[in-house]
1. So in the stretch 64-90, with the set limited to residues that are among the aliphatic types (A, V, I, L, M) and touching a Lys or Arg at 6+ places or on another chain (Cβ under 6 Å), which one is farthest from the ligand (Cβ to nearest atom)?
2. Restricting the search to the stretch 8-27, which residues are open to solvent by less than 80 Å² (accessible area, probe 1.4 Å) and assigned to a loop (DSSP other than H, G, I, E, B)?
3. Can you pull out the residues in the stretch 84-113 that are free of Cβ contacts under 8 Å to residues at least 40 places away in the same chain, surrounded by fewer than 21 Cβ atoms within 10 Å (Cβ to Cβ) and over 16 Å from V60 (Cα atoms)?
4. Those residues that are open to solvent by less than 40 Å² (accessible area, probe 1.4 Å), among the polar types (S, T, N, Q) and not in a helix (DSSP H, G or I), I need them from the stretch 28-82; list them, please.
5. On the given criteria, is E107 touching an Asp or Glu at 6+ places or on another chain (Cβ under 6 Å), more than 16 Å from the ligand (Cβ to nearest atom) and not basic (K, R)?
6. Tell me which residues, restricted to the stretch 117-145, are within 14 Å of the ligand (Cβ to nearest atom) and surrounded by fewer than 17 Cβ atoms within 10 Å (Cβ to Cβ).
7. Tell me whether the stretch 107-129 contains one or more residues that are under 28 Å from I28 (Cβ atoms), modelled with pLDDT under 95 and basic (K, R).
Amino acid sequence: MAVRIIRKEGDEILRKKAKKVDEINAKILTLLKDMAETMYKANGVGLAAPQVGILKRMVVIDIGDGLIELINPEIVEQSGEQLEIEGCLSIPGIYGEVKRPARVKVEALNSKGEKIAVEGTGLLAVALCHEIDHLDGILFKDKAIRFLDEEELQNESKKGSGK
Ligand code: NI
């Protein structure tokens, strides 16, 4: 396992569309482990493969309830609305308010290639949407309706909510 370098805004790869994973082989499993390690090291709650320079549809999330590994994730249901503050490991120091669904259901493959469904509300719904956006080259900044000012930023940075 290894911690990988997190690509920062301005890196073209963050704007590209990631490709579906066809085969879950040793390389993919190593990447999943490295992504988790990289996310934990950076104190993040989520990380998508393009953030470590790999254009594959893979996401890791841990909002504090354990690691979720998703391969080829797709949002199949969504409802409601929430407005929450988001940050991104690829855009350090910037936080903004983004409107997201209050609840989403995501279908994906797990690391064994089994079809799984993950339902999330609150922060998990936000993280699922945020990471799946990364797979399509979309950053939270594109959707933010307001960015936090200095004072708000100081409070937020204490929480550490990077994705
Ligand atoms: Ni992000």
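The values are calculated or read from the model by the stated rules, or taken from the named source; none is laboratory data. Small disclaimer: the values here were computed from a predicted structure and weren't measured. FYI the Cβ positions are ideal-geometry reconstructions off the backbone, even for glycines, and counts take in every protein chain you see. The accessibility values were calculated without ligands, DNA or RNA, using every heavy atom of the protein model including side chains. Shrake-Rupley method; radii C 1.70, N 1.55, O 1.52, S 1.80 Å.
1. Only one residue tops the list, namely V76.
2. G10, D11, A18, V21, I24, N25
3. Within the stretch 84-113, P101, A102, R103 meet the criteria.
4. Within the stretch 28-82, N72, Q82 meet the criteria.
5. The answer is yes for E107.
6. Matches in the stretch 117-145: D136, G137, I138, K141, D142, K143.
7. no
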